[in-house]
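Single-structure report; data block below.
What follows is calculated from the coordinates using simple rules that are stated; it is not laboratory data. Source: prediction; values computed, not measured. Positions of Cβ are backbone-derived with ideal geometry, glycine not excepted, and every protein chain shown enters the neighbour counts.
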Amino acid sequence: MFVSKDLSVNEKNHLVIGKNDTVELAKEFGTPLYVIDEDLFRENCRVYKNAMDKYYGGNGLVLYANKALCSKYTCRVVKEEGLGIDVVSGGELYTAIKADFPMDKVYFHGNNKTVDEIRMAVENRVGTIIVDNIYELEKLNEIATEAGIVQNIMFRIKPGVDAHTHSFIQTGQIDSKFGVALENGEAFEICKIANEMSGVKVDGVHCHIGSQIFDIEPFNKAAQVMMDFIGDLKDKLGMEVGKLNLGGGYGIMYTENDDPVPYDEYIQHVSEVVKEAAARRNVKLPFILMEPGRSLIAPAGITLYTVGGIKDIKNVRKYVSVDGGMGDNPRYILYESEYAAAVANKAGNEPCEKVTVAGKCCESGDLLLKDVMLPEIEVGDTLAVLATGAYNYSMASNYNRIPRPAMVAVSNGEAKVVIKRETYEDLIRNDL
Ligand code: LLP
């Protein structure tokens, strides 16, 4: 019935996440409320980690892509699970530093890192910087040389693989702002230049073809192309790069129309491709990195709202307004993304009417769900939107000066606040 296997219905007909009654959570912590099922988050980390051990002899590291949901809390969980992280800004790096995340397991991304961010990364001894372009390479070489260190780097390569997903989140093709392309020789050229530099060491190559992808094939193709590139670097430049970072992008189930591949199968398939290519090109088996974000955290999250005004516009549409919206979940307004929902206080009731769930912002496109079937819904009900763990809190805003919701993590029947609810005072803190 639900898109996440860790949701159920209790004897009060309430939706349960992990072992927690969501109606009680809404009462205790208020709404809107982000809820993370920590046990499921941890389990997802283990699925990837175990697959890396099983199919690739543990010769790799799974990185959590922090942009999906970055907080001191998520950094701590990921650290305990033995994963690394990818950070994409000074702010994400700062969060990791403050959470005592081991810096050697941090991979720093971004297509336009500022000089201050590069300096911050070098000074904090970030393990690997994924370099996007020649300007950044030169700056980094300068900063690392000044600091008297040799910085491990990878290059972000556009492998020329077309992934079938929303065009805003496709990144593997030549027409993309990220990285350097293979097909015009740019990638080869930048590796050659870096190989001569004293402040950097090319430790590996990286690609990321997009997000919310359901096929295995584009990942296999990308691995193939990247292995050939590693082979070319060895044959033509005598350069041996020991690491291959294959990015993230594995799709999850938002609604019943989505049919994701079990996460471990990606590692299984890609491992075979890499092993075969390494033998064919006569290169050492690379250390593999993967960077799942959404698939680790999205299914573990739900958002609880309280239903307010309901407008049944006869023969047009029935709008149900809730106390949150695009401020806490901008994915509908950005991508017209689809979600599944449940009426948390009547979770077992059969869906019987078509409604559109609207947020409270002054923006007509501020919807959370369009034309979905739900049980009969009334003012005061608790609505749960499912699979909101990724790219909700991390993309939230204060539009209309609406404070961002709190986040609680539940584990084994216990709930703890991991991000406090913003107050009106927080909203004006920087106003002069
Ligand atoms: N690695 C790199 C370099 C990335 O750019 C991304 C996502 C990931 C890993 C993680 O991808 P994931 O496993 O989460 O698909 N805001 C959009 C998604 C943007 C993804 C950006 N990059 C959304 O809400 O769908």
Dipole axis of region 10-161 (+1 Lys, Arg; -1 Asp, Glu on Cβ), positive-most option in L69, G160, I134: G160
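Which of the peptides 35-41, 362-368 is most tightly packed, and how do the rest follow, judged by the mean count of other Cβ atoms within 10 Å per residue? Numbers along the way, then the final one.
Details: 35-41: 24.0, 362-368: 16.0.
Ranked by mean Cβ neighbours within 10 Å, highest first: 35-41, 362-368.
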Structure-based [θ]222 nm, the chain - -39500 (n - 2.57) summed over DSSP H runs of at least 4, per residue, nearest 500: -9000 deg cm²/dmol
The chain - share of DSSP beta bridges that are antiparallel (%, nearest 5): 45 percent
Antiparallel bridges, percent of DSSP beta bridges restricted to region 223-340 (to nearest 5): 60 percent
Test item: Cα-centred dipole of region 311-378, Lys/Arg +1 and Asp/Glu -1 on Cβ, debye: 160 debye
Descending semi-axes in Å of region 389-432, equivalent ellipsoid built from Cα gyration tensor: 25, 13, 7
Point-to-point label distance, Y135-E189, nm (Cα→Cβ direction, 7 Å offset): 1.6 nm
Dipole of region 301-398, positive end: most advanced residue of L386, Y339, C361 [Cβ charges, Cα centre]: C361
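Given K79/K234; K27/K360; K5/K98, which pairs have Cα atoms separated by over 23 Å? Numbers along the way, then the final one.
Details: K79/K234 34 Å; K27/K360 20 Å; K5/K98 33 Å.
Over 23 Å Cα-Cα: K79/K234; K5/K98.
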Unit charges on C-beta of K, R, D, E only; dipole of the chain, Debye: 420 debye
Cβ-placed point charges (K, R +1; D, E -1), dipole of region 246-345 about Cα centre in debye, nearest 20: 240 debye
Packing-based ranking, highest mean first, of 232-238, 194-200, 129-135, 382-388 given that Cβ atoms within 10 Å are counted: 382-388, 129-135, 194-200, 232-238
Gaussian network model of the chain, springs between alpha carbon atoms under 10 Å - residue of K105, K177, K158 with greatest fluctuation: K177
Folded to 0 to 90 degrees: helix 263-281 orientation relative to the chain principal axis, Cα: 10 degrees
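I'd like the FRET efficiency for K19 and C362, computed as 1/(1 + (r/R0)^6) with the beta carbon distance as r and R0 of 45 Å, rounded to 0.05. Before the final figure, lay out the partial values.
On the way: r = 39 Å, r/R0 = 0.86.
In this case the efficiency is close to 0.70.
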Long pairs among K67/K370; K54/K236; K201/K221; K201/K416; K19/K105, criterion Cα-Cα beyond 31 Å: K54/K236; K201/K416; K19/K105
Computed log₁₀ I(q)/I(0) - Debye formula, equal Cα scatterers, no solvent, the chain, q 0.06, 0.07, 0.13 Å⁻¹: -0.27, -0.36, -1.12
Candidates K201, K346, K416: whichever shows maximal mean-square fluctuation once the chain is modelled as a Gaussian network with Cα springs under 10 Å: K416
